[in-house]
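Accompanying notes for the structure given below.
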Amino acid sequence: MSSLHPKSRAYLSNLGRVIAGHQRGSSCSKQVTTRKSRQVHYLNFCQAASITDPCLAHAPIETRNYVLACFVLHLLQGNTINSSFIKSATIVGYVGAVNALHAQRDLPKPTTACGAADLVQPLLTSLRSYESVPNRREMIYDNMFQLMLKTSRLSSPDSLDTTILDWIILGRVTGARKSEWCQDSQTVKLTSPNIFNVPQQPLAFILRDFTFMDHHHRLIQPTSPAAFESAASVTIEWRFQKNNDNGEKIPFARDSKHPSICPVLAALRICLRAAQLNLPADAPLAIYCPSSSTTSTFEYITSAQVTAYLRRTAQAAFGLKPTDPMLKKWSCHSIRVTAAHLLHRANLSDSYIVRSPSEQCQCDCIVSPPSIM
């Protein structure tokens, strides 16, 4: 502005500073800053993976595409700049930032150069499909589950959070509906009266619905701590189901390699807890010991408590605000969504997922977000 008179420059200087501030905060400048931040995030990811050259200039294009696909999954697990949950549009921005890194070195973009062999686009397509399902519930993501396992070590074995986690570990493989294990209140839901005068029963699982066996197929009493050493499987009976396939029995094997997420051990803890808290044999198994209660030794787990637990965990795992509307996407049904997702992750067909335990999870579960355990 040297062409202006000194008095004019002095008069306009304060206004000029405001204009300069707006220029620095313009959308173009923000986009550049955001892109650079995402590129730095990718560089940190590569450093953690011991990749010295983030662009892998001397590696085949398929290798670069594979690393980028792993980075996308890394982001989906909540490992973002702000450790928060992000959507597909933001993931595309991260991918674009990585492509720009390659372009700066005159290298082909790891996405466009791979063609049909591209591993990134199918992930983004799957994520978009998952996001487009109306009124869908979110699954329990891996980082949420890991946070649950970590914090449970600090809780009492009969506390609300610990007991809910046991049912989540079991529900990840059974896909049980909320009516099949928890209650809406402290009043137990019973079967409807019928003309045959059959006594009403709890809809939710009771102790006799769980049968444990050792490696020699011998029955084990689940109310003994010794069962944790010898139990090899649990067979669960669905006395009542929404699809009327009542009495269905499904066996589940022990996962000795991953005891912290083993459904058999979770089922044993559930049954042993019932015995220690003097639960009647015909009462629902989903109970906990309330620390503040002076009138009873146990209370039933309610669906509202499960929803609150999941939303609290999601908030901590993804750095969400308590008022974030995204939190409403987690509820009791999220456990069934997770069960369907694990089947999907194991490359089982959509038709199998629909037919599996308890008429496994409806169509909103079949479109599954890509993730890594």
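The values are calculated or read from the model by the stated rules, or taken from the named source; none is laboratory data. If you're wondering where the values come from, they're calculated on a predicted model, not measured in any experiment. Because the Cβ atoms are built from the backbone with ideal geometry, glycine has one as well, and the counts that use them run over all protein chains shown. Only protein heavy atoms, including side chains, enter the accessible area calculation; ligands, DNA and RNA are left aside. Shrake-Rupley method; radii C 1.70, N 1.55, O 1.52, S 1.80 Å.
Other residues whose C-beta falls under 13 angstrom from the C-beta of K249 contribute a net charge of -2, scoring Lys and Arg +1 and Asp and Glu -1. The ratio of the alpha-carbon radius of gyration of the stretch 248-289 to the globular-protein estimate 2.2 N^0.38 Å is 1.32. Pairs over the 28 Å Cα-Cα cut-off, from the set K249/K328; K36/K328; K189/K249; K36/K150; K30/K150; K30/K329: K249/K328; K36/K328; K36/K150; K30/K150; K30/K329.
Rg and Dmax, both from the Cα atoms of the stretch 216-259 and both in Å, are 13.2, 37. For the stretch 135-193, trypsin sites (Lys or Arg not before Pro) meeting the loop criterion (DSSP other than H, G, I, E, B) and having at most 11 other Cβ atoms within 10 Å: R153.
Just to confirm a number: summing +1 for Lys and Arg and -1 for Asp and Glu over residues other than P325 whose beta-carbon lies under 15 angstrom from that of P325, what do you get? The answer is +4.
Phi angles across the stretch 68-73 convert, under the Karplus curve 6.51 cos²θ - 1.76 cosθ + 1.60 with θ = phi - 60°, into 3J(HN,Hα) values of 5, 4, 5, 5, 4, 5 Hz, Gly and Pro given as x. For R239, the residues whose modelled amide H falls within less than 5 Å of its own, excluding neighbours fewer than 5 places apart on the same chain, are G247.
Karplus-based coupling profile of the stretch 141-157, in residue order and whole Hz: 5, 4, 5, 5, 5, 5, 5, 4, 4, 5, 6, 5, 5, 9, 9, 5, x, with θ = phi - 60° in 6.51 cos²θ - 1.76 cosθ + 1.60 and x standing for Gly or Pro.
Here the extension length gained between L277 and Q200 equals 25.4 nm, from 0.36 nm per residue of separation less the Cα-Cα distance. Taking E62, E237 and ordering them by how much accessible surface each has at a 1.4 Å probe, largest first, produces E62, E237. Annotation: extensible slack from R105 through E229 equals 38.8 nm (criterion: 0.36 nm per residue apart, minus Cα-Cα distance). Taking every Cα-Cα distance in the stretch 81-192 and sorting them into 5 Å bins from zero, the calculated P(r) comes out as 2, 8, 12, 13, 14, 13, 11, 9, 7, 5, 3, 2, 1, 0, 0 percent. A simple spin-label model places the labels of L43 and S291 4.5 nm from each other, with each point 7 Å out along Cα-to-Cβ.
Projecting label points 7 angstrom from Cα along Cα→Cβ for N79 and A116 puts them 3.2 nm apart. Sorted largest first, the spans of the alpha carbon positions of the stretch 157-266 along the three principal axes are 47, 32, 25 Å. Seen from P263, the other residues with C-beta closer than 12 Å to its C-beta sum to a net charge of +1, counting Lys and Arg as +1 and Asp and Glu as -1. A 1.4 Å probe over all protein chains sorts M326, M144 by accessible area into M326, M144, starting with the largest.
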